[in-house]
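One structure is given here, and the rest of the page talks about it.
The values are calculated or read from the model by the stated rules, or taken from the named source; none is laboratory data. Fair warning: this is a prediction, and the values are worked out from it, not measured in the lab. With ideal geometry, Cβ positions are generated from the backbone for all residues, glycine too; neighbour counts draw on all protein chains shown. All accessible areas refer to the heavy atoms of the entire protein, side chains included, with ligands and DNA or RNA removed. Shrake-Rupley method; radii C 1.70, N 1.55, O 1.52, S 1.80 Å.
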Amino acid sequence: MKFDQAIAEAIRRGVIRVDCESGRIYNASDRELRGESRNGYRVLELALDGVRVRCRWHRVVWIAEHGSVPGEQSVCHRDNDKTNNGIANLYLATHAENIRDAAASGRMYGFLAASKVSAIHAMRSAGYSIERICTAADVARPTVLRALRHTSI
């Protein structure tokens, strides 16, 4: 993929340095980068040769350790913690395998227990923000929004 090559080139040139064990990423001045958060995932944005590259943090860590991700594979988190980007917590799976894992862990709306949907509704009724519900329920924002649009699963 195009951005895998750009990330590998940024690492090779020293534009970024990746500590694969911890999952931390540093700039050329050795300052730790924070990354932007999108749906709970950290995202790295950088410009390389005038081209803007945006990539999820865990994918950058995988590329630094193993190289490009095969086209039919996704980089997944073993413990389902989107912020735990250490290489020991990452593995490759097909999209279907990743969806099955998300369903088994209760992270997909169609597979949320009724008690979790009820808890999401109760938190919203109590005035919780969507972000606070996501954190408390350990569910992604789109899942919370879908759960709030429905009264049952």
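Among the residues of the stretch 81-99, which ones are open to solvent by 20 Å² or more (accessible area, probe 1.4 Å) and either part of a helix (DSSP H, G or I) or without any contact (Cβ under 8 Å) to a residue 12 or more places away in the chain (or both)?
Those that are open to solvent by 20 Å² or more (accessible area, probe 1.4 Å) and either part of a helix (DSSP H, G or I) or without any contact (Cβ under 8 Å) to a residue 12 or more places away in the chain (or both): 81, 87, 88, 95, 96, 97, 98, 99.
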Q. Taking the stretch 63-79 as the search range and keeping residues that are outside any helix (DSSP H, G or I) and open to solvent by 40 Å² or more (accessible area, probe 1.4 Å), which one is nearest to residue 16 (Cα to Cα)?
A. 68
Q.
Step by step: first the residues of the stretch 107-123, then only those that are modelled with pLDDT under 80 and either of a type in the set (A, V, I, L, M, F, W, C) or within 16 Å of the chain's Cα centre (by Cα) (or both), then the one that is most open to solvent (accessible area, probe 1.4 Å). Which residue is that?
A. 111
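Against the condition under 29 Å from residue 138 (Cα atoms), open to solvent by less than 60 Å² (accessible area, probe 1.4 Å) and either of a type in the set (Phe, Trp, Tyr) or touching a Phe, Trp or Tyr at 6+ places or on another chain (Cβ under 6 Å) (or both), how does residue 35 come out, does it pass? Please lay out each step first, then the result.
On the way: under 29 Å from residue 138 (Cα atoms): yes; open to solvent by less than 60 Å² (accessible area, probe 1.4 Å): yes; either of a type in the set (Phe, Trp, Tyr) or touching a Phe, Trp or Tyr at 6+ places or on another chain (Cβ under 6 Å) (or both): yes.
Yes: the conditions hold for residue 35.
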Q: Return the total of residues in the stretch 1-43 being assigned to a loop (DSSP other than H, G, I, E, B) and of a type outside the set (Lys, Arg).
A: 14
Q.
I'm trying to understand the selection: among the residues of the stretch 41-62, which are open to solvent by less than 30 Å² (accessible area, probe 1.4 Å) and touching a residue at least 40 places away in the same chain (Cβ under 8 Å)?
A. 48, 53, 55, 60, 61
